[in-house]
Amino acid sequence: MTATQLLVTGSAERRPRIKRKSVQTIIWFVALSALTLLVLYPLIWLVFATFKPNAEFGQNPGLLPDNPTIGNYLKVLEGIGGVPLWRFFFNSLVLAVGAVIGTVASSALAAYAFARVNFKGAGALFAGMIGTLLLPFHVIIIPQYIMFNRLDLMDTYWPLLLPKFLATEAFFVFLIVQFMRAIPRDMDEAARIDGAGHWRIFWSILLPLIKPALITCAIFAFIWTWNDFLSPLLYISSPENYPLPIALRLYNDQTSSSDYGATVAVSFLALVPILLFFLVFQRFLIEGVATQGLKG
């Protein structure tokens with residue numbers, strides 16, 4: 001058999017394989033696209049629902065509004081209870097940014113102590129900290145409320161922000177500890193030979209290397225704080241201090257008429273910062289989750 005015949009025979013054998021792979025690729029693409037649309041349908045419905053008049057809620061459960069309007073957005077921009085919408089956004093931003101700074105800073109310092117400092121009882125303290133992950137938040141609500149009430153810190157942001165600066169989030173501490181343990185200790189020893197102390201090692205050597213973990217903690221802290229409803233409900237009583245999750249309740253009050261159009265409009269606007277924050281930092285989040293627990 002000549003070389004030309006071999007080439008023709010090989011090409012003929014490869015064509016069915018390529019065709020089968022193409023069909024499989026198309027099937028997978030269609031299936032994954034359908035699954036994606038199914039998962040995103042609630043969000044898509046929310047977007048279109050913001051253009052529905054209030055009278056259509058309960059009568060038109062479909063995706064598209066019968067009489068689209070931008071009145072919901074105009075009503076929302078006016079604010080509610082004498083408080084403008086931007087104030088609710090600003091309050092949520094203050095809480096979210098403060099939580100990110102406090103959580104990342106305190107968790108990183110606590111993680112460095114557990115991962116790099118040898119002190120008596122470190123193992124027991126670390127195990128106790130991990131054990132707090134099993135403790136429901138509802139168990140500490142009443143003692144925490146009594147403590148902040150006696151400190152006269154009610155209707156302020158201190159009860160919401162102060163624990164963030166005390167490394168109370170065991171999940172984030174554990175995550176950063178795992179990253180630090182994956183970094184060889186030889187770097188610490190080399191820095192100590194050059195005269196560096198704990199602070200210099202933490203700030204100049206370890207901190208740049210654990211950036212994926214820090215950004216992962218920042219993303220989760222931002223999203224959890226931005227969506228938190230129960231904690232602000234317990235400690236904040238003045239409408240001008242309400243974050244967005246509490247402000248949403250004002251538009252949908254069972255003791256009076258409920259404005260569903262304004263409620264869905266505010267809900268969508270509240271999602272926008274989270275979506276933007278996640279899209280900007282998603283690659284760091286994936287890198288952080290994918291590499292946690294690795295050992296050097």
Next item on the list: Determine whether the range 108-119 contains at least one residue that is open to solvent by 70 Å² or more (accessible area, probe 1.4 Å) and closer than 23 Å to L161 by Cα.
Entry: yes
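Starting from residues that are charged (D, E, K, R) and out of contact with any helix residue (DSSP H, G or I) (no Cβ under 6 Å at 6 or more places or on another chain), keep the ones in the range 146-199 and report whichever is farthest from S106 (Cα to Cα).
Among them, the one singled out is D194.
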Next item on the list: Working only within the range 159-202, note down all residues that are β-branched (V, I, T) and buried (at least 19 other Cβ atoms within 10 Å of the Cβ).
Entry: V173, I176, V177, I201
Next item on the list: Return the total of residues in the range 102-128 being free of Cβ contacts under 8 Å to residues at least 12 places away in the same chain and not charged (D, E, K, R).
Entry: 10
Note to self: For the range 52-80: of the residues being open to solvent by 70 Å² or more (accessible area, probe 1.4 Å) and within 16 Å of V266 (Cα to Cα), which is nearest to the chain's Cα centre (by Cα)?
What the structure shows: L77
Check: Where in the range 84-168 are there helices (runs of 4 or more DSSP H), lying wholly inside it, with at least 2 residues that are under 25 Å from the mean Cα position of the chain (by Cα) and within 25 Å of S237 (Cβ to Cβ)?
Finding: 85-116, 141-150, 158-161
Notebook entry, point to check: Within the range 136-158, which residues are open to solvent by less than 90 Å² (accessible area, probe 1.4 Å) and among the hydrophobic types (A, V, I, L, M, F, W, C)?
Noted result: F137, V139, I140, I141, I146, F148, L153, M154
Check: Out of (1) more than 20 Å from F89 (Cβ to Cβ); (2) surrounded by 14 or more Cβ atoms within 10 Å (Cβ to Cβ), the odd one out for I219 is which?
Finding: (1)
Item checked: Residue list for the range 49-84, filter: within 21 Å of L244 (Cβ to Cβ) and without any contact (Cβ under 8 Å) to a residue 24 or more places away in the chain -> F51, I70, L74, L77, E78, G79, P84
Item checked: the range 132-144, residues that are touching a helix residue (DSSP H, G or I) at 6+ places or on another chain (Cβ under 6 Å) and over 24 Å from I219 (Cβ atoms) -> none
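The values are calculated or read from the model by the stated rules, or taken from the named source; none is laboratory data. What you are looking at is a predicted structure, and each value in this text was computed from that prediction instead of being measured. All Cβ positions, glycine included, derive from the backbone under ideal geometry; neighbour counts span all protein chains shown. Please note that ligands, DNA and RNA were not included when accessible areas were found on the heavy atoms of the full protein model with its side chains. Shrake-Rupley method; radii C 1.70, N 1.55, O 1.52, S 1.80 Å.
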